[in-house]
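The values are calculated or read from the model by the stated rules, or taken from the named source; none is laboratory data. A quick note: this is a predicted structure, and the numbers were derived from the prediction, not measured. We place every Cβ from the backbone using ideal geometry, glycine too, and count neighbours over all the protein chains shown.
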Amino acid sequence: MVSRVEQSEETRGKIVAAAVAAFSTLGFHGASTREIAARAGINQGLITYHFRSKELLWRAAVEKIFASLRTALVPLPTSPASDPREQARESIRRYVRFAAAHPELFRLMVEEGKSGDRRMQWLVDTYLRPFYEGFKEQLAESLSEPEQSLEPHAFYALAGAVSLMFAVEPECRRLTGLNPKRKQVVEQHADYVARLFVP
């Protein structure tokens, strides 16, 4: 028998998953709590019960997607004999696999990145900046001093190269005939992007 606490956690999880999907496709202002409740298959009043405001629900959705990203990108154990370039390629491949499984991350970042409001500032300062700093640290090992000024360009080029075809899946299917959800396509893309950025 499921306890009340377990049932409450399950309901909260459904709400957050529905919120991730809604906010990433409709944006903060376009996604209503009514829409999120319908996607979660729950009564709208349960959203207010679990989250005091729409913004707190949005934050929980962001936390969920970035927690998943952090888990996916945990560094693999290495040995002294490991090739740093192959390690970097493998990190990129894992990022591509995550983007394929979670296109909502890129969609959410595009939605929020268009405004300079406090939600975007919180998202950048809390989640994106640490990710960016880690990226710069990893990149610094392979760039010369003058090339390090190109880090912001490399960061956005990588984010787009990794994620775009999964975020615009219907367009990709129509334009190229590729199904970005197929494992073989994901792996081809992962290897291509990894070798593009770390030749």
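Below are the figures for this structure:
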{"read-out": "Top-ranked residue of segment 148-181 - restricted to ones that are not in a helix (DSSP H, G or I) and not basic (K, R), ranked as surrounded by the fewest Cβ atoms within 10 Å (Cβ to Cβ)", "value": "G177"}
{"read-out": "Filter pass, F66 being outside any loop (DSSP other than H, G, I, E, B), under 30 Å from P199 (Cβ atoms) and not assigned by TED's automatic domain parsing to the domain that holds F197", "value": "yes"}
{"read-out": "In segment 7-41, residue nearest to G113 (Cα to Cα) [restricted to those that are surrounded by fewer than 18 Cβ atoms within 10 Å (Cβ to Cβ) and aliphatic (A, V, I, L, M)]", "value": "L26"}
{"read-out": "Test for R107: is it closer than 30 Å to H189 by Cβ, in the same structural domain as A159 (by TED's automatic domain parsing) and either in a helix (DSSP H, G or I) or touching a residue at least 40 places away in the same chain (Cβ under 8 Å) (or both)", "value": "yes"}
{"read-out": "Every pair of residues 6+ apart whose Cβ atoms lie under 7 Å, when the first sits in segment 180-191 and is closer than 14 Å to R93 by Cβ and not assigned by TED's automatic domain parsing to the domain that holds L158 while the second is in a helix (DSSP H, G or I) and modelled with pLDDT under 95", "value": "none"}
{"read-out": "Residue tally, condition within 17 Å of V124 (Cα to Cα) and not aliphatic (A, V, I, L, M), over segment 38-67", "value": "6"}
{"read-out": "Candidate set from segment 1-60 (those that are farther than 26 Å from F106 by Cα and of a type in the set (A, V, I, L, M)); member that is modelled with the lowest pLDDT", "value": "V2"}
{"read-out": "Residue in segment 90-103 that is in the same structural domain as L158 (by TED's automatic domain parsing) and polar (S, T, N, Q) present", "value": "yes"}
{"read-out": "Residue match in segment 128-144 (condition: modelled with pLDDT under 95, exposed (fewer than 12 other Cβ atoms within 10 Å of the Cβ), over 22 Å from V193 (Cα atoms) and not charged (D, E, K, R))", "value": "no"}
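Listed here are the residues, each with its yes/no results for (1) of a type in the set (S, T, Y); (2) part of a loop (DSSP other than H, G, I, E, B).
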site	(1), (2)
I42	no, yes
L46	no, no
Y49	yes, no
T71	yes, no
P77	no, yes
A88	no, no
V96	no, no
A99	no, no
